[in-house]
1. From the phi angles alone, apply the Karplus equation (6.51, -1.76, 1.60; θ = phi - 60°) to the range 59-75 and give each ³J(HN,Hα) in whole Hz, x where the residue is Gly or Pro.
2. Simple spin-label model, 7 Å along Cα-to-Cβ: ALA65 to SER5 in nm?
3. Counting other beta carbons within 10 Å of each Cβ, put GLU50, GLU22 in order, fewest first.
4. Just to be sure I understand the model, the point goes 7 Å from the Cα along the line to the Cβ. What's the resulting TYR106 to ASP72 distance in nm?
5. Quickly rank 2-12, 86-96, 55-65 as a protection proxy: mean count of other C-beta atoms within 10 Å, highest first.
6. Could you go through the range 90-100 in sequence order and give the Karplus-derived ³J(HN,Hα) for each residue, using 6.51 cos²θ - 1.76 cosθ + 1.60 with θ = phi - 60°, rounded to whole Hz, and x for Gly and Pro?
7. Which whole-Hz couplings ³J(HN,Hα) result when phi for each residue of the range 29-39 is put into the Karplus expression 6.51 cos²θ - 1.76 cosθ + 1.60, θ = phi - 60°, listed in order with x for Gly and Pro?
8. Given R₀ = 25 Å, FRET efficiency for GLU22-GLU50 by Cβ-Cβ distance, to 0.05?
Amino acid sequence: MTILSGRTLTPSDLDKVVDLLEKYHFSLKSYFDLGLYLHLSYSTLVEIKENNRRDIRSCFKECLASWLSGADGVENPTIDKLIAALEEIGEYAVAQYIDEERRREYDIIKPYSSLFIQHTCNNHF
């Protein structure tokens, strides 16, 4: 399953999430606000900033890694929550492009999953 499928994201998805956001030109300097809307604590984000001085890309990646790892009690990180957070911080175009990509993927997979379910059910009854 891809990261766009709606499943819970994990730390092993970090590179895919970073690539997706960079693909649609997410403004890396907005990582702090994004982190807040992903429910990371202010103190966690300050620590990330202090540990990665002058390296905005590292701050961005560490913010996402913290979210995916469940820092600060974050539960069930999903692509839907990422899209909602992007909208909250005004990154509407990025959110829209990700949502459109997710919908395209679903439209491609949906017919095949229906056939699989139908085939599986027919073979068991």
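1. Along the range 59-75, the couplings run 4, 4, 5, 5, 4, 5, 4, 5, 4, 5, 8, x, 4, 6, x, 4, 10 Hz.
2. For ALA65 paired with SER5, the spin-label model returns 2.6 nm.
3. Going from sparsest to densest Cβ surroundings: GLU50, GLU22.
4. Simple spin-label model gives 2.8 nm for this pair.
5. Top of the packing list down: 55-65, 86-96, 2-12.
6. Each residue of the range 90-100 in turn: x, 8, 5, 5, 4, 4, 5, 4, 5, 4, 5 Hz.
7. Going residue by residue, I get 5, 8, 4, 5, 5, 4, x, 4, 6, 8, 6 Hz, with x marking Gly and Pro.
8. After rounding to 0.05, the efficiency reads 0.60.
Every read-out reported here was derived from the displayed coordinates using simple, explicitly stated rules and does not represent laboratory data. In this text the structure is predicted, and so the values were computed from the model without any measurement. Note: ideal-geometry Cβ built from the backbone for every residue, glycine included; neighbour counts use all protein chains shown.
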